[in-house]
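This report concerns only the one structure given below.
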Amino acid sequence: MDSEITVVGAGVVGSSLACLLSKQGIKVTLLDRGSPLSLSKSSILQDRTLALNLSSINLFKELNIWHELKKQTTPFKRMFVWDSKGSSPLEFLAEEIKKKELGYIISNNTILKSLNKLIQDSPKITLKQQTELSGIDIKENEICISFLGGERISSKLIIGADGINSTLRKKAKIKTRTWSYDQRAFVAGLKTEKFHDYTAWQLFTPTGPIALLPFDLMEGSNISLVWSAEIDYAEKLQKLTQKEFVKELEEKTEQILGKIDLKTDIRSFPLNQLHAKSYFSERIALVGDSAHSFHPLAGQGLNIGLSDVTSLSAVLIKARRSGLDIGSKRTLKDYERSRKIPNLTMAALMELFKEGFETSDPWVKLARNFAFNMATKNSTLKKRVIKEAAGIT
Ligand SMILES: Cc1cc2nc3c(=O)[nH]c(=O)nc-3n(C[C@H](O)[C@H](O)[C@H](O)COP(=O)(O)OP(=O)(O)OC[C@H]3O[C@@H](n4cnc5c(N)ncnc54)[C@H](O)[C@@H]3O)c2cc1C
C-alpha cells in the first residue's frame, strides 16, 4: 500500500487534515489539481479573508501554528447586526461569554502558507500538486486512485476535500441537495473613514447582506467587504464604475463607518448552497465544502469544515488504535453521525436568519423582531447564540 490515507484537495481543510493525521504517525498522500500551497509573497493577501472561530483556533493550536498565524490576524470583539429598515439591531460582545475575542479575521493564503511549512517538514506526507484525479477502483481491503498521467496509488481510505464541485464525490456517486441563492458575492479591501472598533459589522438589506469585517493587514485597507447581492441587483452593481460602486456601498451601509475608499480590485462569484446526502461511501469520506457549502453571511463555511477535520481524525485514530479498518462503513458512519446533525442545523439556522432579515412580509418581520428581542433579553439564550457563533459548544 502506497499510503494509509489519500486526501484529495490541498485547500485549508484538506491540508489541515493531512497535518493532523500525520502527527499521529499516519502516512498520507495529499494531492491537488492546482498548486494552492505554492504561494508567492505577493499572493498571501490576495485570496479570501475568513473569520476564524475559537474552535478552528484550537485546531491550529494543536498543529502548533496558531502563534505564527495570530500575528497576521485582526481580532473582533463584537458583532453588530442590523437591517436597513431600522428594526431591532443585535449586538454580541466577547465579554458576555467571558472571552477577550469572538474570533479573528485572516486571509486564506496566510493559513495555507503555515500549513505548507508543516507539510514540507513532515516525513509522513507526500504532496502531489498539479495532479488531476481520473478514476477510483474499490477493492476489498483498499482503494486505488488513478491520475490523468497514468500513475496509480493505493490506500485504505480516500478523503475528498476537493471543494464544492468535488470530483471525488461525483465519482463515488454521492448525491447532493443543492440550491442556488440567486445571489453573487462581491469582495474587496476597503479603507473606511471611521475606525472599525474591532467589530464585525453585518447589515441586511432587501437586496442581500453586507459584511464589513475588520482586517488591518491588507496594504492601506482596514476592512474586508463581503457584499452578497440578489442577481438582478448584482448585474446592476457589475456595470457600475468603481466610484459609483463605492457611492452605492456608502449609501447602503448608511455610512456607519463614514466615507469609504476602495483599496483592491472588486472580485465577484455566484453563491450556491450544497449538502451531500451522505458524508461517506465505500472507503471514501467527504470533508469541508465537498460535503457542504454555506452562504458566507455568517462566515462559518471554513469553521464547519475544520470541525469536520477534528471529528474525522478523532474517529480514524480511535478506530486505528482499536485495530479496526479505517476505511470500513462502520468507522465512517461514526464520523457522519458526529457531523451531519450539527452541520444541517447550522444550514437551517442560516436560512432562517437570511429569510428573517430579507423578507418584506410584515408577519415574518414581527416574528423575527419578537424572537430577537427575546434572545437579547434572555441572557442565557444570548450567551448560547454567541457561543455557537464563536465555536464554543
Ligand atoms: C466570499 C466568501 C467569504 C467567506 N467567508 C468565510 C468566513 O469568514 N469564515 C469561514 O469559515 N468561511 C468562509 N467562507 C467559506 C470558506 O471559504 C470555505 O468554506 C472554505 O474555504 C472551504 O475550504 P475547502 O478546503 O473545503 O475547499 P477549497 O478551499 O475550495 O479547496 C478545495 C481544493 O481542492 C482542489 N481540487 C478541486 N478539485 C480537485 C480534483 N478533481 N483533484 C484534485 N484537487 C482538486 C482545489 O484546487 C482546491 O485547492 C467564505 C466563502 C466565500 C465564498
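Output the strands (runs of 3 or more DSSP E) that fall wholly within the stretch 6-108 and possess 3 or more residues being within 16 Å of the ligand (Cβ to nearest atom) and among the aliphatic types (A, V, I, L, M), or say none. Walk me through it before giving the result.
Values: elements: 28-31, 49-52, 74-76, 78-83, 90-93, 103-107.
Of the strands (runs of 3 or more DSSP E) lying wholly inside the stretch 6-108, those with at least 3 residues that are within 16 Å of the ligand (Cβ to nearest atom) and among the aliphatic types (A, V, I, L, M) span 28-31, 49-52.
Can you name every residue in the stretch 288-303 that is in contact with a Phe, Trp or Tyr (Cβ under 9 Å, 6 or more places away or on another chain) and near the ligand (Cβ under 7 Å from one of its atoms)?
Of the stretch 288-303, the ones in contact with a Phe, Trp or Tyr (Cβ under 9 Å, 6 or more places away or on another chain) are 291-292, 295, 297-298, 300-301.
Listed by number, the residues that qualify are GLN300, GLY301.
How do the helices (runs of 4 or more DSSP H) wholly within the stretch 288-385 filter down when requiring 2 or more residues that are β-branched (Val, Ile, Thr) and either modelled with pLDDT of 95 or more or within 26 Å of the chain's Cα centre (by Cα) (or both): which remain?
Values: elements: 301-321, 329-358, 362-377.
Where helices (runs of 4 or more DSSP H) fall fully within the stretch 288-385 and carry at least 2 residues being β-branched (Val, Ile, Thr) and either modelled with pLDDT of 95 or more or within 26 Å of the chain's Cα centre (by Cα) (or both), they are 301-321, 329-358.
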Filter the stretch 235-281 for residues that are surrounded by 13 or more Cβ atoms within 10 Å (Cβ to Cβ) and hydroxyl-bearing (Ser, Thr, Tyr) and give the result.
-> THR253, THR264, SER268, SER278, TYR279, SER281
Can you give me the number of residues within the stretch 129-161 that are charged (D, E, K, R) and within 9 Å of the ligand (Cβ to nearest atom)?
-> 1
How about the stretch 290-309: which of its residues are within 13 Å of LEU17 (Cβ to Cβ) and surrounded by fewer than 23 Cβ atoms within 10 Å (Cβ to Cβ)?
-> none
Restricting attention to the stretch 162-183, does a residue exist that is under 20 Å from GLU251 (Cβ atoms) and under 24 Å from the mean Cα position of the chain (by Cα)?
-> yes
Going through (1) in contact with a Pro (Cβ under 7 Å, 6 or more places away or on another chain); (2) under 17 Å from GLY103 (Cβ atoms); (3) modelled with pLDDT under 95 one by one, HIS196 fails only at (3)
What are the pairs, 6+ residues apart or on separate chains, where a residue within the stretch 5-18 that is under 15 Å from GLU132 (Cα atoms) and at pLDDT 95 or above has its Cβ under 6 Å from a residue that is within 8 Å of the ligand (Cβ to nearest atom) and part of a helix (DSSP H, G or I)?
-> VAL7/GLY14; VAL8/LEU168
Note on the stretch 254-271: residues touching a Phe, Trp or Tyr at 6+ places or on another chain (Cβ under 7 Å) and either basic (Lys, Arg) or within 13 Å of the ligand (Cβ to nearest atom) (or both) are ILE266, SER268, LEU271
Just one listed residue, out of LYS113, LYS70, is basic (Lys, Arg) and touching a residue at least 40 places away in the same chain (Cβ under 8 Å), and it is LYS113
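The values are calculated or read from the model by the stated rules, or taken from the named source; none is laboratory data. Keep in mind that what you see is a predicted model, and the values were worked out from it rather than measured. Glycine also receives a Cβ, built like all others from the backbone with ideal geometry; neighbour counts cover every protein chain displayed.
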